Amino acid sequence: MLVIHDAYHAGDLPRGGIGAIGNFDGVHRGQRAVLERVTARAAETGLTSVVVTFEPHPLAVLRPAEAPPRLTSAAHKEELLAAAGIETLLVVAFTPDFARTPAEAFVREFLHGRLGLGEIHVGTGFTFGHRREGDLALLARLGAELGSAVREVEPVTDGGERISSTRVRRAIAEGGVEAAAALLGRPHSIRGSIARGDRMGQRLGWPTANLDTEGELVPHDGVYATRSRFAEGEFDSVTNIGTRPTVYENYRRVVESHILGFAGDAYGRALELFFYKRLREERIFPTVMDLSAQIGRDVEATREFFSARRRLEGSDSAADAPPG
């Protein structure tokens with residue numbers, strides 16, 4: 001996938017194509033319906049599939065205190081868009097100056113004047129431009145004048161409610177990772193690198209990898225059945241989000257995973273952590289022995305959960321072999 005950052009100020013942009021516009025945080029099922037329409041039309045017409053997106057989220061610039069937590073980092077979003085079959089990604093840097101750009105000027109000068117998009121596909125309720133004055137009606141009016149087709153993609157629903165990034169965030173923030181997976185079409189994941197911890201898990205007999213996250217939305221405090229993906233492979237894991245150490249009153253919020261079958265040194269490695277099921281609430285234990293016993297039960301519950309998943313998927317294979 002061709003990626004052009006700060007595309008609004010870049011020169012020599014590719015012209016023509018079938019395009020979509022939006023923030024695409026999470027690249028959830030509703031957004032993928034738009035992407036699927038774009039890639040299908042690109043294949044039918046022999047044109048290039050194009051996505052125009054904005055970084056950072058507009059609210060992070062306009063009203064930072066109200067900016068929603070990210071479902072996907074910019075790099076993660078790029079990978080998901082590429083996996084969806086998008087051929088060209090144009091990233092518009094959302095700045096205070098750009099925020100003052102009138103919607104009509106953005107359409108005339110950028111989408112048509114510089115990109116020459118043959119078709120533009122957007123979801124229901126899409127808005128853009130200064131004070132959100134741009135909408136589907138404006139796009140359609142200008143498209144008719146400037147010679148491009150504008151198409152609305154009907155919303156995708158789940159349980160009778162429209163799928164949206166806001167809805168996905170709410171599910172994750174409440175610990176509903178299974179509900180979030182149904183909306184995303186895949187398990188929610190967060191990325192980061194493994195940081196040094198206080199090695200308390202090692203002393204308990206349950207060594208943990210402590211994830212220094214990249215700012216993607218971390219689920220509500222609790223214990224989860226997860227999958228830990230390194231560059232070399234994936235492993236079943238048990239992840240605790242909440243307090244450390246859990247036997248004291250003074251604590252800080254952490255994301256720490258006991259990775260089943262992993263015996264190497266994880267420090268400094270890049271890791272993507274996939275959330276499959278919430279096992280229980282995170283809580284404080286009176287003694288380290290009580291904590292160690294509960295971790296053992298969590299590990300067993302995780303083994304049973306993934307074993308059942310593999311049976312349903314027709315595979316009884318265990319976790320991947322350790323990296324290296």
(message) Quick check on the stretch 89-97. Is at least one of its residues assigned to a helix (DSSP H, G or I), in the same structural domain as residue 123 (by TED's automatic domain parsing) and among the aliphatic types (A, V, I, L, M)?
(response) no
(request) Answer yes or no as to whether residue 27 is outside any loop (DSSP other than H, G, I, E, B) and aliphatic (A, V, I, L, M). (result) no
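Quick one: which strands (runs of 3 or more DSSP E) lie wholly within the stretch 100-197 and hold at least 3 residues that are of a type in the set (A, V, I, L, M, F, W, C) and under 21 Å from residue 216 (Cβ atoms)?
Here the list reads 189-195.
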(message) Name the residue that is farthest from the chain's Cα centre (by Cα), counting only residues in the stretch 283-299 that are at pLDDT below 85 and surrounded by 14 or more Cβ atoms within 10 Å (Cβ to Cβ).
(response) 288
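Every residue in the stretch 119-136 that is at pLDDT 95 or above and surrounded by fewer than 20 Cβ atoms within 10 Å (Cβ to Cβ), please.
Going through the stretch 119-136, the residues at pLDDT 95 or above turn out to be 119-122.
Passing the criteria: none in range.
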(message) Is it the case, given these coordinates, that residue 37 is assigned to a helix (DSSP H, G or I), over 19 Å from the mean Cα position of the chain (by Cα) and either surrounded by fewer than 22 Cβ atoms within 10 Å (Cβ to Cβ) or touching a residue at least 60 places away in the same chain (Cβ under 8 Å) (or both)?
(response) yes
(request) Go through 61, 52 for me and flag whichever is touching a residue at least 24 places away in the same chain (Cβ under 8 Å), surrounded by 20 or more Cβ atoms within 10 Å (Cβ to Cβ) and in contact with a helix residue (DSSP H, G or I) (Cβ under 9 Å, 6 or more places away or on another chain). (result) 52
(request) Within the stretch 130-152, identify whether any single residue is in contact with a helix residue (DSSP H, G or I) (Cβ under 6 Å, 6 or more places away or on another chain) and over 27 Å from residue 10 (Cβ atoms), and answer yes or no. (result) yes
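Looking for whichever is closer than 21 Å to residue 4 by Cα and surrounded by fewer than 16 Cβ atoms within 10 Å (Cβ to Cβ) here; the options are 100, 108. Which one fits?
After applying the criteria, what remains is 108.
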(request) Identify all residues within the stretch 1-24 that are among the aliphatic types (A, V, I, L, M) and in a helix (DSSP H, G or I); write none if there are none. (result) 7
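The values are calculated or read from the model by the stated rules, or taken from the named source; none is laboratory data. Every value quoted in this text rests on a predicted model; they were computed, and no experiment measured them. So basically every Cβ, Gly included, is an ideal-geometry build from the backbone, and we count neighbours across all protein chains shown.
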